[in-house]
Amino acid sequence: MAATPVSSLVLMRILESAPGRYDAGMELLTFGVAARSRRDAAGRAALIPGARILEIGCGTGALTALLLRDGASVLAIDEAPEMLDIAAERLGATKGQPRLVLQEKAAAEIDGLEPASFDVVTAAFALSEMLASERAYVLGQAARLLVDGGRLVLVDETLPRTGLARFLFGLLRLPLSVLAWVLAGRTSSP
């Protein structure tokens, strides 16, 4: 699953610090690609009717809402309680949603979940914020959690395929990457 470049680590942190504006900020930064990518991911997950889905980094619940609409049962995790509060409000979790469990949990903590307990594991715009070693660990755990024939559905930053597009992407991203490095000591990795 590919998506247009999303943001640097710093912009993501800024958006996450104001969860009420996160979705609007993502749409602005991605020129609408974030929403289209989530819809595509939900469609790929829905190929397994009534799927049991683990959503890593659910954020404000934008993808979660689509998964629930398609009839899935979802365990949605995020390490930011503010984001989970918005997801709970958006999804009606406070009123009780029998097919939804929201948990405050970091991606690396999925190692405590039962093996082969999900038909689909999905993550939208979460992996690019992890170090390479964290990504490898989380993806290994995701594979362990999938049933035979299960699906891993990912949406994240990617590098453009053509030379000109890569050059323009690098040019656009350079100031953001420098700012991320200065402020956070690292940047996100497509």
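In table form, for the structure just shown:
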quantity	calculated
Rounded if a/c under 1.5, otherwise prolate or oblate - region 25-138, Cα gyration tensor axes	rounded
Using θ = phi - 60° and Karplus 6.51 cos²θ - 1.76 cosθ + 1.60, couplings along region 33-47 (whole Hz; Gly, Pro as x)	5, 4, 5, 4, 5, 5, 4, 5, 4, 4, x, 5, 5, 6, 5
Calculated from backbone phi, Karplus (6.51, -1.76, 1.60) coupling profile of region 104-117 in Hz, x at Gly/Pro	7, 7, 6, 4, 5, 7, 6, 5, x, 7, 5, x, 6, 10
Extension gain (nm, one decimal) between Ala132 and Val101, 0.36 nm per residue minus Cα-Cα	8.4 nm
Ordering of 122-133, 79-90, 139-150 by burial proxy (mean other Cβ atoms within 10 Å per residue, highest first)	122-133, 79-90, 139-150
Total formal charge among the other residues, if their Cβ is under 13 angstrom from that of Leu67, Lys/Arg +1 and Asp/Glu -1	+4
14 Å beta-carbon shell around Ala108, net charge (K/R +1, D/E -1)	-4
Surrounding net charge for Arg52, when Lys and Arg each add one and Asp and Glu each subtract one, Cβ distance under 10 Å	0
Separation in nanometres of the label points that stand 7 Å from Cα toward Cβ, at Leu172 and Asp111	3.7 nm
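Where a number appears in this text, it was derived from the coordinates with a stated rule and is not lab data. The structure presented is a predicted model; accordingly, all values stated were derived computationally and were not measured. We place every Cβ from the backbone using ideal geometry, glycine too, and count neighbours over all the protein chains shown.
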